[in-house]
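*Asks:* I'd like to ask some things about the structure below.
The values are calculated or read from the model by the stated rules, or taken from the named source; none is laboratory data. Only a predicted model underlies this, so the values are computations on that prediction, with no experimental measurement involved. Here the Cβ positions follow ideal geometry from the backbone for every residue, glycine too, while neighbour counts run over all protein chains shown. To get the accessible areas, we keep the full protein, side chains included, count just its heavy atoms, and leave off ligands, DNA and RNA. Shrake-Rupley method; radii C 1.70, N 1.55, O 1.52, S 1.80 Å.
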Amino acid sequence: MRILIVDDSRDWRRAVCSILRRDLDLIVVCESADGLDAVQKSEELQPDLILLDIGLPNLNGLEAARQIRKVASRSKILFLSSYDYPELLCEALKIGALGFVVKSNAAHDLLPAVRTVMRDKQFFRRRSSSPDPA
């Protein structure tokens, strides 16, 4: 499973890579630090999964996801964000994302979320770690 990680924090990208290394089937093919670059890399690499932050420079994650849907329609999108607002969950669904993980829960939720999303199922959890009825 080929993954693109998009976050403006290099330290956070490293932490995500560390979590993903626990599953030998997951391969990080590229990292990106901004929304515009994420769209370009998505088009070029056509990854299976894109882990996408919302607060990105040059193009926010929501707008990047809209554009990614057009250039890499088979890539699945899982948002990884510090923001935990119901309206963001709704917007993520409208865009076509299959998952949303709050960064504070990533150590626990990221791998289950990736596995769920790759089975074409939704994974949405809020900060409380209780499932949202999505």
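*Asks:* Among the residues of the stretch 78-96 satisfying the criterion of being within 20 Å of ASP8 (Cα to Cα) and in contact (Cβ under 8 Å) with a residue 40 or more places away in the chain, which is most open to solvent (accessible area, probe 1.4 Å)?
*Replies:* ASP84
*Asks:* Another question, then. Going through the stretch 14-69 one residue at a time, which ones are among the polar types (S, T, N, Q) and open to solvent by less than 50 Å² (accessible area, probe 1.4 Å)?
*Replies:* SER32, SER42
*Asks:* Consider HIS108 against the criteria (1) touching a Ser or Thr at 6+ places or on another chain (Cβ under 9 Å); (2) closer than 16 Å to ASP8 by Cβ; (3) surrounded by fewer than 18 Cβ atoms within 10 Å (Cβ to Cβ): it satisfies all of them except one. Which criterion is unmet?
*Replies:* Evaluating HIS108 over (1) touching a Ser or Thr at 6+ places or on another chain (Cβ under 9 Å); (2) closer than 16 Å to ASP8 by Cβ; (3) surrounded by fewer than 18 Cβ atoms within 10 Å (Cβ to Cβ) leaves (2) as the failure.
*Asks:* Pull out all pairs, ordered by first then second residue, where Cβ-Cβ is under 8 Å, the residues are six or more apart or on different chains, the first lies in the stretch 17-32 and is free of Cβ contacts under 8 Å to residues at least 24 places away in the same chain, and the second is open to solvent by 20 Å² or more (accessible area, probe 1.4 Å) and not in a helix (DSSP H, G or I).
*Replies:* Within 8 Å, the pairs are CYS17/VAL28; CYS17/GLU31.
*Asks:* What pairs come up if the first residue lies in the stretch 34-59 and is on the phi > 0 side of the Ramachandran plot, the second is part of a loop (DSSP other than H, G, I, E, B), and their beta carbons are under 6 Å apart, counting only those six or more places apart or on different chains?
*Replies:* GLN46/ALA72; ASN58/ASP34
*Asks:* Same structure again: Looking at the structure I just gave you, is VAL6 in contact with a Leu (Cβ under 6 Å, 6 or more places away or on another chain), buried (at least 17 other Cβ atoms within 10 Å of the Cβ) and either at negative phi or aromatic (Phe, Trp, Tyr) (or both)?
*Replies:* yes
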